[in-house]
Structure formats: structure tokens, C-alpha cells
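Take a look at the structure below.
The values are calculated or read from the model by the stated rules, or taken from the named source; none is laboratory data. Note that the structure is a prediction, hence the values are computed from the model and not measured. Ideal geometry is used to build each Cβ from the backbone, glycine not excepted, and the neighbour counts take in all protein chains shown. Side chains are part of the model used for accessible areas, which takes the heavy atoms of the whole protein and leaves out ligands, DNA and RNA. Shrake-Rupley method; radii C 1.70, N 1.55, O 1.52, S 1.80 Å.
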Amino acid sequence: MPLRYYGGPVQHEPEVHVIFWGRNWNQPTGPGPQVREEVMRFFHGLSNSQSGKAFQGILTQYFDESGRVTPTLEPEQITSFTDEAVPAPSGVNDAGLQQEARTIAENPSNGWILGPNAQFVVIPAPGATFQPSFSGSFCAYHSLVQEHATYWTYTFLSYNGEEPFERGCLSYDQDIHAGHTEKAGHVLSMDAAHEYAESVTDPAFSAWLDVGAYEIGDICSSGDDQLANGSWVQGLWDDHQSACSLEDNGPPHVLGLTEPA
């Protein structure tokens with residue numbers, strides 16, 4: 001089924017700010033550096049690789065009343081920061097994710113802006129602990145904070161090499177030759193691609209959905225695939241191709257919907 005436009009906004013010029021929450025991301029003897037490199041390969045690839053730009057191209061066919069999503073990202077639209085205040089956060093819940101995003105975003109040295117085009121991607125470090133609400137029934141999600149007349153989006157990505165996420169999330173990677181840490185990196189990158197695309201095309205949960213209220217990534221949530229640049233992603237629904245796809249360099253900017261008589 002095609003995606004349908006329900007009148008909400010899209011992110012025309014998305015800016016991705018990745019927050020690695022905890023010193024364990026930099027621990028040389030742990031899985032952090034390898035997994036971290038994997039997820040940033042995806043984000044950087046959106047601006048500096050042909051396959052990444054073709055993945056971004058899928059999103060350009062989705063619009064709102066004031067325009068379309070940009071076909072390319074500039075390198076300065078993708079930044080990251082490691083919060084080294086703790087080795088890994090404890091008792092993580094949704095309110096804590098929002099607070100972490102706000103605290104780091106408002107750090108003057110980062111120069112980040114809380115606004116409609118910004119995505120704040122928060123990834124707790126290996127060794128983090130979680131509130132019972134984080135039971136492992138999901139691997140990642142995106143949401144938004146509404147403030148006055150504007151809003152900003154945030155994304156939770158799990159390090160899925162540990163419980164409560166390991167059992168439910170690592171199975172998305174089908175690479176039988178990959179080791180445990182590699183699989184964790186593949187799936188984390190896949191989740192990053194999924195949530196990135198949904199934040200762009202449906203940041204306020206009122207723009208592009210199918211008739212069952214599934215977003216562009218939900219429709220194609222079946223496993224990870226590798227792009228030519230080496231990054232791991234999940235296919236996205238492409239209305240132009242009427243299929244889940246990894247690339248579309250030039251979808252037509254025309255939408256036709258047939259309604260019952």
C-alpha cells in the first residue's frame with residue numbers, strides 16, 4: 001500500500017546530532033569504538049557516498065505544504081558528541097533521554113539548535129541500565145518534544161549487544177559470518193537508518209503513513225542490508241517503485257491517489 005500524506009510537516013533540511021552517552025563508547029578494550037564507527041558510517045555516508053545519497057533520494061518524493069526533503073546532506077549537517085560524565089548511564093527512561101538531548105544540545109560549545117529540522121540521536125553506552133519500561137520489546141524509536149509554537153525530535157537507539165535488547169534485536173542481522181560485536185554494529189546502523197528516515201518524513205506523526213498508520217521504515221522492517229559504501233541500513237518504502245528499496249536517485253515529484261467513487 002502506498003504512503004499517504006496527512007498534512008503534517010517533514011524535515012526539509014535535516015540536521016543529525018548523535019549523542020554517545022557514556023565514556024564506555026571510547027573504551028579501547030570494549031565494543032564501543034567498533035559499534036560507534038558503524039553507526040557514524042551510515043550518517044556520514046548520506047553526504048559523502050553515492051549509495052548514501054541514493055538512499056537519501058528515496059526521501060525526496062515526500063513533501064509538505066512548504067517543500068520537499070533535500071536530496072543531499074552537507075557534512076556540517078551531521079555532528080556527534082560523547083558525553084563522558086559517566087561510564088554508562090543508569091536507570092535510563094524516556095524522560096532521561098529527553099533531558100540528555102536537551103542538556104547536550106544546549107551546551108554552547110556544540111552550537112546545536114533545538115528546532116524542527118534537528119534530530120537528536122541518543123545512544124546509551126555499553127553497560128547502561130534501563131527502567132522496566134525498556135523491556136527489550138523494541139530496539140529503537142523516535143519521538144518529539146513540543147515547546148510553545150515549535151518542536152524538536154529525538155531518537156533512542158539501543159546498544160543491542162547486551163540485554164534487555166540483545167535477544168530481540170541481534171536476530172535482525174542475517175550475516176552468519178559476523179561476530180557478536182559486528183552484528184551489534186550492523187543492527188544499530190540499521191536502526192539508525194530506520195529512525196532517521198521516519199523522523200525526516202514523519203517528525204510529528206502526522207505526515208506520511210500508510211492506511212495502517214505505519215511509517216516509511218515500519219512497512220519494510222524485515223532485516224538489515226549493506227550499501228555499497230559499507231553501511232548497514234533497512235529498506236524504505238518507495239512510492240515511486242511501489243516496493244521497499246535501498247536507493248532511488250530521482251523519484252518523480254508527482255503523487256496520484258485514487259479514491260473510491
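With respect to (1) more than 23 Å from Q27 (Cα to Cα); (2) part of a loop (DSSP other than H, G, I, E, B), the lone exception for T155 is condition (2). Here the range 75-115 is the region considered, the condition is being acidic (D, E) and over 24 Å from T150 (Cα atoms), and the residue that is least open to solvent (accessible area, probe 1.4 Å) is D83. The residue that is surrounded by the most Cβ atoms within 10 Å (Cβ to Cβ), counting only those in the range 116-152 that are assigned to a loop (DSSP other than H, G, I, E, B) and among the aliphatic types (A, V, I, L, M), is A125.
Might you let me know whether the range 22-42 holds any residue that is open to solvent by less than 70 Å² (accessible area, probe 1.4 Å), touching a residue at least 24 places away in the same chain (Cβ under 8 Å), touching a Lys or Arg at 6+ places or on another chain (Cβ under 6 Å) and among the hydrophobic types (A, V, I, L, M, F, W, C)? Yes, because at least one residue in the range 22-42 is open to solvent by less than 70 Å² (accessible area, probe 1.4 Å), touching a residue at least 24 places away in the same chain (Cβ under 8 Å), touching a Lys or Arg at 6+ places or on another chain (Cβ under 6 Å) and among the hydrophobic types (A, V, I, L, M, F, W, C). Among the conditions (1) assigned to a helix (DSSP H, G or I); (2) touching a residue at least 24 places away in the same chain (Cβ under 8 Å), S171 misses just one, which is (2).
Quick check: anything in the range 226-247 in contact (Cβ under 8 Å) with a residue 40 or more places away in the chain, farther than 16 Å from L157 by Cβ and assigned to a helix (DSSP H, G or I)? No, the range 226-247 contains no residue that is in contact (Cβ under 8 Å) with a residue 40 or more places away in the chain, farther than 16 Å from L157 by Cβ and assigned to a helix (DSSP H, G or I). Quick check on my filter: what residues within the range 37-57 are of a type in the set (A, V, I, L, M) and in contact with a Phe, Trp or Tyr (Cβ under 8 Å, 6 or more places away or on another chain)? Of everything in the range 37-57, just one residue is of a type in the set (A, V, I, L, M) and in contact with a Phe, Trp or Tyr (Cβ under 8 Å, 6 or more places away or on another chain), namely L46.
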